[in-house]
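Working notes, structure below.
The values are calculated or read from the model by the stated rules, or taken from the named source; none is laboratory data. Fair warning: this is a prediction, and the values are worked out from it, not measured in the lab. Neighbour counts run over all protein chains shown; Cβ positions are idealised from the backbone, glycine included. Accessible surface is based on the protein model in full, side chains and every heavy atom, while ligands, DNA and RNA are left aside. Shrake-Rupley method; radii C 1.70, N 1.55, O 1.52, S 1.80 Å.
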Amino acid sequence: MAHDLTSPPDVKRRHFLRTAFSGAALSPILGAAAETGKPGPQTATGEYVEAARSVPVMDDVDVIVCGAGPAGVTAAIVAARAGARVRLFEVHGCLGGVWTAGLLSYVLDANKPGFNQELMTRLKERSSLIQNGAGNYFYDPEEMKLLLEEMCLEAGVKIQFFARVVAAHSDDQKRLHTIVTESKSGRQAWRARVFIDSTGDGDVGALAGCSWEVGESKECPCQPMTMMAMVIAPEADALRPFASHYHSQPGWRKEPVENLRLELARVGLKASYGVPSLFHVRERLFNLMINHEYGILAYDTDAVTEATLRARAEIHRVVRGLRSLGGAWDGLQLVATAEQIGIRDGRRIRGRYMLTKEDLIEGRKQPDAVTRSTFNVDIHATSKVMNEKHGYHNAGVKTLPYDIPLRAMIAKDVDGLMMAGRCISGDFISHASYRVTGNAVGMGEGAGVVAAIAAQTKRLPQEVPWEEGLSQLKKLNLRA
């Protein structure tokens with residue numbers, strides 16, 4: 001897939017990419033999962049037939065949560081507090097997903113009761129929260145990592161890092177009963193009564209055979225990806241004119257964006273994101289959001305890899321360029337680029353209700369309202385051409401506060417599977433609103449409590465009335 005870059009591509013990096021991912025460069029150390037038979041021959045169509053293998057099965061929990069981002073980590077903690085035995089899988093080496101591995105550093109639409117408020121309170125106690133209006137705040141990603149780990153351990157959640165879900169198996173009645181992971185420990189199978197897909201990209205739902213959508217169509221256009229970065233300034237106040245958010249000036253300001261564009265132009269650079277932004281996190285720490293990667297499907301590994309390489313290279317060019325200007329930028333340091341490029345658009349698993357733009361326009365209330373979204377439609381430019389006109393837009397949709405129903409979080413095609421976060425059931429427009437992480441927390445809260453009740457009472461999630469979930473949240477002091 002060809003891409004029009006704002007700066008000349010790094011030929012050596014692209015050559016390395018093609019070589020490293022050609023298939024011939026697979027490392028021999030990946031033989032940790034022992035096979036029970038000899039591998040089959042290569043077929044005439046160029047496929048390779050793997051030998052059958054015995055996979056160890058663990059069946060020691062009630063609820064399995066796949067993906068430890070904002071929705072998943074919340075679901076796991078709440079399910080455990082509700083009395084369920086919970087296992088939480090995460091592909092990275094920390095909890096938090098886009099909050100931490102993605103270095104997002106700010107939370108939107110968090111002005112909700114329950115776990116959102118608890119998290120904000122505990123971050124404040126660590127002096128790691130800068131309020132940005134009633135429902136938004138900035139935080140230190142390292143403090144967030146540690147806090148989430150402590151909260152999971154307090155609740156008794158079994159955490160497993162560095163594990164990716166690679167298969168999901170259902171019975172003849174389409175009841176999901178087992179997932180399979182791959183890790184350094186090899187291939188392992190895990191059973192539970194209820195599963196929650198909080199992978200962001202709907203990996204579990206897709207593996208289980210659920211129907212799904214992505215972007216505006218299966219082949220895109222979809223929202224672009226963005227890699228976040230953290231930088232340290234020698235003097236915080238010196239960057240005030242370029243910071244879209246600064247601690248002593250709450251809210252978002254437009255003028256600093258243009259100031260930052262002009263600074264980049266001085267060194268011959270133009271950010272691939274039309275609204276390059278610098279956000280003040282704490283003390284001398286700032287968050288940098290300056291790139292867009294267009295037309296990348298979240299489940300196309302080669303494309304995501306190329307996007308990651310381009311994005312990281314662009315960040316380094318920008319930081320080096322700004323530092324070369326001296327003055328306010330003299331001594332600017334790049335602390336970290338995100339381990340995971342930020343993905344806005346992944347699979348949306350079809351549920352028992354599908355949120356649409358009409359729900360947003362009418363501000364629909366739902367009988368099984370898990371949480372209420374107050375966020376606007378936020379669609380980042382789906383192409384470089386569109387980015388030249390506006391970096392993001394709302395598609396002309398004006399929203400009213402609307403409810404996210406439990407039904408949109410329960411898979412339609414497979415029983416025993418719930419979704420939480422941006423992979424719930426919705427159309428392209430509604431997803432552009434509910435995808436922000438304050439809403440993800442609210443969804444995780446609802447999915448966690450219902451999953452716990454369903455598992456402990458031997459029911460399916462759709463058989464648990466939301467009133468029971470709400471009652472349990474009240475007992476957990478997560479609702480008034």
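Output yes when any residue across segment 274-288 is of a type in the set (D, E, K, R) and in contact with a Lys or Arg (Cβ under 9 Å, 6 or more places away or on another chain), and no when none is. No, the conditions are met nowhere in segment 274-288.
Of the candidates Leu269, Leu264, the single residue that is in contact with a helix residue (DSSP H, G or I) (Cβ under 9 Å, 6 or more places away or on another chain) and part of a loop (DSSP other than H, G, I, E, B) is Leu269.
In this structure, does Ala44 turn out to be aliphatic (A, V, I, L, M) and open to solvent by less than 50 Å² (accessible area, probe 1.4 Å)? Criteria not met by Ala44.
In the set (1) within 19 Å of Gly67 (Cβ to Cβ); (2) over 21 Å from the mean Cα position of the chain (by Cα); (3) surrounded by 22 or more Cβ atoms within 10 Å (Cβ to Cβ); (4) among the β-branched types (Val, Ile, Thr), the condition left unmet by Thr178 is number (3).
Pull up segment 411-435, narrow it to residues that are assigned to a loop (DSSP other than H, G, I, E, B) and open to solvent by less than 10 Å² (accessible area, probe 1.4 Å), then point me to the one that is farthest from Gln223 (Cα to Cα).
Residues of segment 411-435 that are assigned to a loop (DSSP other than H, G, I, E, B), as a first pass: 412-414, 416, 420-425, 427, 435.
Right, trim to open to solvent by less than 10 Å² (accessible area, probe 1.4 Å) and you get 414, 416, 420-421, 423-425.
Working: Val414: 28, Gly416: 30, Ala420: 19, Gly421: 16, Cys423: 14, Ile424: 16, Ser425: 17 Å.
By that ranking, first place goes to Gly416.
Checked against the criterion of being open to solvent by less than 30 Å² (accessible area, probe 1.4 Å), in contact (Cβ under 8 Å) with a residue 60 or more places away in the chain and under 16 Å from Val281 (Cα atoms), segment 141-154 has at least one qualifying residue.
In segment 203-218, the residues that are aliphatic (A, V, I, L, M) form Cβ pairs under 9 Å with partners that are assigned to a helix (DSSP H, G or I), at six or more places apart or across chains, as follows: Val214/Phe428.
Return the residues of segment 105-128 that are open to solvent by less than 30 Å² (accessible area, probe 1.4 Å) and not in a helix (DSSP H, G or I); say none if nothing qualifies.
Result: Ser105, Val107, Asp109, Ala110, Lys112, Gly114, Ser128.
Looking only at residues in segment 463-480 that are within 25 Å of the chain's Cα centre (by Cα) and in a helix (DSSP H, G or I), which one is farthest from Asp413 (Cα to Cα)? Only one residue tops the list, namely Leu473. The residues listed here are Ala80, Ala76; of these, the one that is touching a Leu at 6+ places or on another chain (Cβ under 7 Å), more than 24 Å from His245 (Cβ to Cβ), in a helix (DSSP H, G or I) and of a type outside the set (Asp, Glu) is Ala76. Note on segment 408-432: residues that are among the aromatic types (Phe, Trp, Tyr) and in contact with a His (Cβ under 9 Å, 6 or more places away or on another chain) total 0.
Has segment 192-199 got any residue that is in contact with a Phe, Trp or Tyr (Cβ under 8 Å, 6 or more places away or on another chain) and open to solvent by less than 60 Å² (accessible area, probe 1.4 Å)? No: zero hits.
Tally the residues that are under 13 Å from the mean Cα position of the chain (by Cα) and either aliphatic (A, V, I, L, M) or farther than 16 Å from Ile196 by Cβ (or both), restricting the search to segment 444-458. Steps first, please.
Initially, segment 444-458 is screened for residues under 13 Å from the mean Cα position of the chain (by Cα), giving 444.
Still in the running and either aliphatic (A, V, I, L, M) or farther than 16 Å from Ile196 by Cβ (or both): none.
The number of residues fulfilling the criteria is 0.
Residue by residue, here is whether (1) on the phi < 0 side of the Ramachandran plot; (2) in contact with a Gly (Cβ under 9 Å, 6 or more places away or on another chain); (3) open to solvent by 10 Å² or more (accessible area, probe 1.4 Å) holds:
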position: Val65; (1), (2), (3): yes, yes, no
position: Ile77; (1), (2), (3): yes, yes, no
position: Val91; (1), (2), (3): yes, yes, yes
position: Gly96; (1), (2), (3): no, yes, no
position: Ala101; (1), (2), (3): yes, yes, no
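Residue pairs whose Cβ atoms lie under 7 Å apart, sitting 6 or more positions apart in sequence or on different chains, and linking a residue in segment 322-340 that is modelled with pLDDT of 95 or more to a partner that is open to solvent by less than 30 Å² (accessible area, probe 1.4 Å) and of a type in the set (Phe, Trp, Tyr), are Leu322/Trp329; Arg323/Trp329. At pLDDT 95 or above and more than 12 Å from Ala229 (Cα to Cα): does that describe Thr301? Against the criterion (at pLDDT 95 or above and more than 12 Å from Ala229 (Cα to Cα)), Thr301 qualifies. The set of residues in segment 79-89 being open to solvent by less than 10 Å² (accessible area, probe 1.4 Å) and not aliphatic (A, V, I, L, M) consists of Phe89 alone. Among the residues that make up segment 137-153, is at least one of them touching a Lys or Arg at 6+ places or on another chain (Cβ under 8 Å), under 20 Å from Gln117 (Cβ atoms) and in a loop (DSSP other than H, G, I, E, B)? Yes, because at least one residue in segment 137-153 is touching a Lys or Arg at 6+ places or on another chain (Cβ under 8 Å), under 20 Å from Gln117 (Cβ atoms) and in a loop (DSSP other than H, G, I, E, B).
For segment 449-458, name all the residues that are more than 14 Å from Leu417 (Cβ to Cβ) and either of a type outside the set (D, E, K, R) or open to solvent by less than 70 Å² (accessible area, probe 1.4 Å) (or both).
Of everything in segment 449-458, those that are more than 14 Å from Leu417 (Cβ to Cβ) and either of a type outside the set (D, E, K, R) or open to solvent by less than 70 Å² (accessible area, probe 1.4 Å) (or both) turn out to be Val449, Ala452, Ile453, Gln456, Thr457.
Selection over segment 155-175 of residues that are of a type in the set (D, E, K, R) and either in contact (Cβ under 8 Å) with a residue 24 or more places away in the chain or crowded, with 18+ Cβ neighbours inside 10 Å (or both) gives a count of 4.
Residue by residue, here is whether (1) β-branched (Val, Ile, Thr); (2) open to solvent by 30 Å² or more (accessible area, probe 1.4 Å); (3) touching a Leu at 6+ places or on another chain (Cβ under 7 Å) holds:
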{"site": "Phe286", "(1), (2), (3)": "no, no, yes"}
{"site": "Thr308", "(1), (2), (3)": "yes, no, no"}
{"site": "Leu322", "(1), (2), (3)": "no, no, yes"}
{"site": "Gln340", "(1), (2), (3)": "no, yes, no"}
{"site": "Asp345", "(1), (2), (3)": "no, no, no"}
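Taking segment 217-239 as the search range and keeping residues that are over 24 Å from Ile296 (Cβ atoms) and of a type in the set (Gly, Ala, Ser), which one is surrounded by the most Cβ atoms within 10 Å (Cβ to Cβ)?
For segment 217-239, the residue satisfying everything is Ala233.
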